[in-house]
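Down below is the structure, laid out as structure tokens.
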């Protein structure tokens, strides 16, 4: 063996030794167990000293908590097996011949699905995810006792990805509900379900609450009305619909989704919070459907420049449009208002406005904190009823063709162009609009980075004054003092519809 190899082995051996010493010492200090570790005990009278923990050690107390919660919750957890009949093409001949041969009659294929659920009521009502039972022609539930029974769908809500099914049983064990306000980042949680296989039912995994109130455009596609609980407790396909519980054994969420590059657990799982679960499940059991409150606004995020100019959080929501006759219209909300809080709870992300209002009932009264110009207002709104109309499209604007009437605003990093009927037609817009088109923008400029202006945007106001063309823009801009920040009203093309929003620019 070479000297270099021997040295390497010796180095790693020493490193492992000292790492073990440090781990034992740090662990003892961390759990206040220094007096309990290393107590003399003899294995088979060999004289060897083994490490033991005193029964009063916090480590064993945590272990007892895990086992106690598992023992109490597992009887309420079920495995859900779904079956759907799918029509598949019957291709005659070999796989290489189907381009040249006629297709035979469709054949039926029975697709199997797997998910989890938790018993909410002793008379057989079970909570699960909508995507677990969606499209199923038959449902079976396997109880913790091993008994397998048929189930029927009571109600499903696609927007929240929740569903309630029922089995004909009485006297079943039920999960108790916790309070979302008591959930804290960093607390221990346990996830239950049947990951990946029917053979892995009654699986328990542990982790912590990694984050709260997770909302984004991507997550909204999974669940329109939930601000998810994020956890690193192992969640895999098949865990969907199973409970996420705290160390009191209380339900705090329903496991619903993972973020993964591999398709399996990577420590980023999402659970629908208990307040959403309670609201939706109660309505599904009582009526079979879900009613949601409706405010009556479309809204955008607040660009950094506008947030700084108005001294508001970037998590606020700025109103783009107010639906005529809606609750927002009746209460006096206006385009350009910036909503910073709902019932005193500050928005951390503008998507929270949708989740908070959507989880209220029609007829509830809500107080919105609104910044309007230099004023901060508390506006009470009596909420209406949301219908099932599709959410607004947020497609990006098409790139405009270059015209010959472009004007440079180099100090702002903008190229502006007068609008004309021909140009509006090129942009796919039928309505007549006054303003100037941003036909080019320097992506290193503050206008792009902080004000979030984009090529294709139409500026209709600056410094609270209307802009009909470039001459108006230049005249108003010339009257703005250097270093002064001014508001800008913008129209952005979203799927052929012009949606307004406000931002801010600072004159260099």
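Readers should treat all values here as calculations from the given coordinates under stated rules, not as data from a laboratory. Everything numeric in this text was worked out from a predicted model, so none of it was measured. Counting neighbours? That spans all protein chains shown, and the Cβs are built from the backbone with ideal geometry, glycine included.
How many nm separate the modelled label positions at residue 84 and residue 444, each set 7 Å beyond the Cα in the direction of the Cβ?
Label-label distance for residue 84 and residue 444, simple model: 5.1 nm.
Highest mean first, what order results for 300-310, 154-164, 343-353 on Cβ atoms within 10 Å?
Values: 300-310: 20.9, 154-164: 22.5, 343-353: 16.8.
Top to bottom by mean Cβ count within 10 Å: 154-164, 300-310, 343-353.
Tell me, what is the percent relative contact order of region 293-385, built from C-alpha pairs under 8 Å that lie six or more residues apart?
32 percent
Below 8 Å between Cα atoms, with a sequence gap of 6+, how large is the relative contact order for region 125-218 in percent? Walk me through the intermediate numbers first.
On the way: 112 pairs, mean separation 19.6, N = 94.
Computed value for region 125-218: 21 percent relative contact order.
Please report, in whole Å, how far the alpha carbons of region 406-506 spread along each principal axis, starting with the longest.
Sorted from largest, the Cα extents of region 406-506 read 38, 25, 22 Å.
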